[in-house]
Amino acid sequence: MQTNVTPGTPAPSAAVPSSPAASAPKTVLLNSDMGEGVGLHEFGNDEQLMRIIDVANVACGYHAGDPDVMNRTVELAAEHGVAVGAHPGLPDPVGFGRRRMVLRPEEVESIILYQTGALTAFLSKHGLELNHIKPHGALYGMLAGDEDLMEAAAGTAKLFGVPFFGLAGTAHETVCKSMGVDFIPELYVDLNYGPGGELLIQRRPAPTNPDAAADRVRKALDGGPVLAVDGTELDITFGSICVHSDAPNSVDVATAVRSVLNAR
């Protein structure tokens, strides 16, 4: 049963009734949101997932994470050969960054720049380079529907010279294209989609059926549709697949997705 489900993003233009044309690239990487703990309290399955994923999106201190957690997470990624990107969120640890805030573009730029800069210090310590920027939670959704805010975010990615992870067909993609920022669209397997292609973000993570996740990936890789909660068939363009670390059975879900990707 879902708890407090709210629309995360507006309807992307790419999420339309599906056609026979495949929308997945030849190589798809598996990513996961990680480092979402504070002090001794860990909220994910990071250590186990590092053995399965290709890319880690590391929380940078605002919605979750602190210096010690960032350090441990980056060190773990280095040990397992996992690329690391920044996962900046809204300054709302109580709401875990999943509650929207009213921000000006310059404020969006500052909070992403500040958090990403903090992460790069730990990357340097462990001999890694910043791989990308992927906003967290409500910030992710806010940027998807507001070109002015997204320009601030894309400008930060351009400053660091890295791609931006986001949703195809939204301001994530259109602004990145207009500003010359590399864009990596994502497919989600542990969140549901609304009929317009919007993500339905849960305040509390719930288990996902690993077989259903694998089936979604398998069909999407073959150019088939992703079903929205009302049965609408969506054509989701993607270059990476996200599995959230803090879901109860995220390791099982990631393992099922990895088995599909390895079979290609």
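Here, each number is a calculation from the coordinates, and none is a lab measurement. If you're wondering where the values come from, they're calculated on a predicted model, not measured in any experiment. With ideal geometry, Cβ positions are generated from the backbone for all residues, glycine too; neighbour counts draw on all protein chains shown.
Quick notes on this structure:
- Exposure proxy shown here: for MET101, MET150, MET34, MET142, the number of other Cβ atoms within 10 Å sets the order, fewest to most, as MET101, MET142, MET150, MET34.
- Rel. contact order, % - alpha carbon contacts under 8 angstrom, at least six apart, the chain: 29
- Under a 5 Å amide H cut-off, with hydrogens placed 1.01 Å from N, MET34 pairs with ASN57, VAL58, ALA59 among residues at least 5 apart or on other chains.
- Region 52-68 - phi-based ³J(HN,Hα) in whole Hz, Karplus 6.51/-1.76/1.60, Gly and Pro as x: 10, 8, 9, 9, 10, 9, 9, 4, 10, x, 8, 8, 5, x, 8, x, 5
- Fewest-first ordering of ILE184, ILE52 by other beta carbons within 10 Å of each residue's beta carbon gives ILE52, ILE184.
- By the beta-carbon count within 10 Å of each Cβ, the least crowded to most crowded order of HIS41, HIS244, HIS63, fewest first, is HIS41, HIS244, HIS63.
- Working note: Cα atoms of the chain, range along each principal axis, descending, whole Å: 46, 38, 35.
- Highest average first, the peptides 83-90, 230-237 ordered by how many other beta carbon atoms sit within 10 Å of their residues are 83-90, 230-237.
- Close lysine pairs were tallied over the chain: pairs 8 or more places apart or on different chains with Cα atoms under 26 Å apart number 10.
- Computed about its Cα centre, the charge dipole of the chain is approximately 280 debye, with only Lys, Arg, Asp and Glu carrying charge at their Cβ.
- ³J(HN,Hα), Karplus 6.51/-1.76/1.60, whole Hz, each residue of region 106-121, x for Gly, Pro: 5, 6, 4, 4, 5, 6, 6, 4, 4, 5, 5, x, 4, 5, 4, 5
- Maximal additional length on extending the SER178-MET101 stretch stands at 25.2 nm, based on 0.36 nm per residue less the C-alpha distance.
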